[in-house]
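Only one structure is covered here, and it is reproduced in the block below.
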Amino acid sequence: MGIYLVSTDPADWSDEEALRPTAVALDAELARLGLAPFAFAPSDHGFEEKLHRPMAGFDLLCRSLTADQSPLDWDVLLPAALPETLVLPVPSAYSDTTTVRAALPVLHGLRALAAAIELPVEHLPHAGEGLALGHWFDSPEVHRHPGRWRADPDTAYYTALYLRAAEHAHRTGCPMHYS
């Protein structure tokens, strides 16, 4: 059990029991803003990572970012340009509304955070399948990479998790959400 950050696939997006109400509300809001409805890009790769470590240090680190760059306070990370953060009148997994944020500004913010803590990004697993980041952070591999990030492994974990999630959304065209 727990909270997972996962990629959304077209089946979830069209399923009335899953994310279809969010998709309908999002398309209505995009139309109101004069934007095209969201369309998935084809992808065969999924993303799944568990949020299971304390987040206090990561929360503090994120305060250095602008609101549109923050990896916090969203329910859906959308791989599309948005003029602002959208709040949809549809319940999400953990709230009475669904907050949607654009992936690219979040990705830029996370790259800045990763650089600030000297996270060895080039050595992190790229795919989020099978909880790869969690396994990497729990493996002896982490001890091979020095840097400021080792002073707070929980903050480094969340920086890596959200960085890889934003990269995944941007690269594959699949929204991210919590499950």
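The values are calculated or read from the model by the stated rules, or taken from the named source; none is laboratory data. Values in this document were obtained by computation on a predicted structure and should not be read as measured data. Here the Cβ is made from the backbone with ideal geometry for all residues, glycine too, and neighbour counts use every protein chain on show. With ligands, DNA and RNA removed, areas are computed over all heavy atoms of the protein, side chains included. Shrake-Rupley method; radii C 1.70, N 1.55, O 1.52, S 1.80 Å.
When a 1.4 Å probe is rolled over the protein heavy atoms, the share of accessible surface on the range 3-178 that falls to carbon and sulfur comes to 56 percent. Comparing Cα centroids, the range 160-179 and the range 52-85 end up 12 angstrom apart.
Volume per residue of the convex hull around the Cα atoms, evaluated for the chain, comes out as 112 Å³.
Backbone phi angles across the range 62-74, fed through the Karplus curve with coefficients 6.51, -1.76 and 1.60 (θ = phi - 60°), yield HN-Hα couplings of 5, 5, 7, 9, 6, 4, 6, 8, 5, x, 9, 6, 9 Hz in residue order; Gly and Pro are listed as x.
Of the GluC sites (Glu not before Pro) found in the range 16-72, those that fall in a DSSP loop while having at most 10 other beta-carbon atoms within 10 Å are Glu16, Glu17.
Quote the charge dipole size of the range 3-178 about the Cα centre in Debye, to the nearest 20; the model charges only the Cβ of Lys and Arg (+1) and of Asp and Glu (-1).
Details: 12 positive and 24 negative charges, 123 e Å.
The dipole of the range 3-178 has a size of about 600 debye.
Accessible area per residue (1.4 Å probe, heavy atoms of protein chains only) ranks His135, His123, His168, His177 as His135, His123, His177, His168, with the largest value leading. Taking amide H positions as modeled 1.01 Å from N, with prolines and chain starts lacking one, the residues under 5 Å from Leu88 and 5 or more places away or on another chain are Thr98, Thr99, Val100.
Rolled with a 1.4 Å probe across the full set of protein chains, the surface gives Cys174 an accessible area near 10 Å². Each of Val90, Ala36, His145 was scored by the projection of its Cα onto the charge dipole of the chain, and the greatest displacement toward the positive side belongs to His145; charges sit on the C-beta of Lys, Arg, Asp and Glu. For the range 97-179, dividing the convex hull volume of the Cα atoms by the residue count gives 105 Å³ per residue.
Relative to the longest principal axis of the Cα atoms of the chain, helix 20-32 runs at roughly 70 degrees.
For Ser179, Ser95, Ser70, what's the largest-to-smallest order of accessible area, 1.4 Å probe?
Largest to smallest exposure gives the sequence Ser179, Ser95, Ser70.
Ligands, DNA and RNA are left out, and with a 1.4 angstrom probe the accessible area of the range 3-178 is 48 Å² per residue. So what's the angle, to the nearest 10 degrees on a 0 to 90 scale, between helix 153-172 and the longest Cα principal axis of the chain? Once rounded, the angle reads 40 degrees.
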